[in-house]
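Comments concern the structure below.
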Amino acid sequence: MIIDTHCHIDMLNSPDSYLSKKEKSGDFTLGMTNLPSHFVMGLPHFDKLRKSRLALGFHPQLVHEHLSEIDNWKKLIPMTSYIGEVGLDFSRDFIIYKDCQLEYFDYICQCLNGEKKIISVHSRKAERDVLAILKKYNVRNVIFHWYSGPLGLIDEIIGEGYYFSINEAMTLSENGRRIISRIPLNKMLTESDAPYNKKNNIIAALNNLHIDESIVYENFQCLLKTIK
Ligand SMILES: [Zn+2]
């Protein structure tokens with residue numbers, strides 16, 4: 001069974017046919033959303049599915065344009081056990097919204113304090129701030145998606161019991177491989193980040209690393225147990 005913990009199903013060309021294909025294959029897919037209003041639109045499509053789930057998200061690159069959605073975000077938390085995509089992005093195009101992002105991500109994590117959820121986070125160029133805010137509110141069961149931050153921070157993230165989801169693109173880049181080699185096998189999950197990531201084949205990623213899919217499956221089962 002292939003585990004995809006970060007896929008933007010609602011941004012694919014035909015989400016429903018993707019979902020029915022996944023349902024037949026038996027693979028697990030966790031659908032991200034970029035805004036609470038997208039989550040509301042998408043949720044009915046997941047009603048009868050056994051293998052795919054939809055996460056409630058508020059993407060850091062969109063926060064500044066959709067401030068009023070935050071009230072809705074809090075109200076929707078009980079509707080799902082999965083949160084994402086949330087986080088911070090301090091890369092060149094988004095650093096100007098840093099203060100706004102920090103305020104909102106702080107509030108998002110405050111709302112998640114004490115909640116039993118699985119959370120996929122975006123942390124581009126903001127890894128230390130993401131980790132600090134998660135720790136501030138003792139947020140559990142976090143997956144760092146497509147981590148590209150400092151190698152030295154990986155041990156600290158692992159120390160919190162958090163996971164990393166890796167993808168094919170990471171296995172093909174030197175920096176990605178350096179990062180992956182620092183992640184213990186029992187904290188490794190897989191993702192596609194489709195359709196934004198074009199190198200998104202999970203089987204190819206596992207083959208490139210010589211890792212059996214059963215390892216990722218076991219890791220995900222351990223994570224699932226924590227929200228039961
Ligand atoms: Zn994403």
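The values are calculated or read from the model by the stated rules, or taken from the named source; none is laboratory data. Note that the coordinates shown come from a computational prediction; the quantities given were computed from them, not determined experimentally. FYI the Cβ positions are ideal-geometry reconstructions off the backbone, even for glycines, and counts take in every protein chain you see.
Which condition number in (1) within 16 Å of the ligand (Cβ to nearest atom); (2) of a type outside the set (Lys, Arg); (3) touching a residue at least 12 places away in the same chain (Cβ under 8 Å) is the one that Tyr18 fails?
(3)
For Asp89, work out the one condition from (1) in contact with a helix residue (DSSP H, G or I) (Cβ under 9 Å, 6 or more places away or on another chain); (2) acidic (Asp, Glu); (3) farther than 22 Å from Val139 by Cα it doesn't fulfil.
(3)
Here is a list of conditions, (1) surrounded by fewer than 24 Cβ atoms within 10 Å (Cβ to Cβ); (2) closer than 30 Å to Tyr97 by Cα; (3) among the aromatic types (Phe, Trp, Tyr), and Phe39 meets all of them except one; can you say which number that is?
(1)
Residue under question is Ile83, and the condition is that it be in contact (Cβ under 8 Å) with a residue 12 or more places away in the chain, more than 14 Å from the ligand (Cβ to nearest atom) and either among the aliphatic types (A, V, I, L, M) or in contact with a strand residue (DSSP E or B) (Cβ under 7 Å, 6 or more places away or on another chain) (or both); does it hold?
no
Tally time: how many residues in region 1-28 are within 18 Å of the chain's Cα centre (by Cα) and assigned to a loop (DSSP other than H, G, I, E, B)?
4
Within region 188-208, restricting attention to residues that are in contact (Cβ under 8 Å) with a residue 40 or more places away in the chain, among the aliphatic types (A, V, I, L, M) and more than 13 Å from the ligand (Cβ to nearest atom), which residue is surrounded by the most Cβ atoms within 10 Å (Cβ to Cβ)?
Among them, the one singled out is Leu189.
Give region 71-86 a look and list any residue that's modelled with pLDDT under 95 and touching a helix residue (DSSP H, G or I) at 6+ places or on another chain (Cβ under 7 Å), or say none. Lay out the reasoning, then the answer.
Applying the first criterion (modelled with pLDDT under 95) to region 71-86 yields 71-74.
If the condition is that a residue be modelled with pLDDT under 95 and touching a helix residue (DSSP H, G or I) at 6+ places or on another chain (Cβ under 7 Å), then Asn72, Trp73, Lys74 are the ones that fit.
Take Arg50 and tell me if it is assigned to a loop (DSSP other than H, G, I, E, B) and over 27 Å from Leu131 (Cβ atoms).
So Arg50 fits the description; yes.
I'm checking my understanding of the structure. Among residues of region 157-187 that are in contact with an Asp or Glu (Cβ under 9 Å, 6 or more places away or on another chain) and hydrophobic (A, V, I, L, M, F, W, C), which one is farthest from the ligand (Cβ to nearest atom)?
So, considering only residues that are in contact with an Asp or Glu (Cβ under 9 Å, 6 or more places away or on another chain) and hydrophobic (A, V, I, L, M, F, W, C), the one farthest from the ligand (Cβ to nearest atom) is Ile157.
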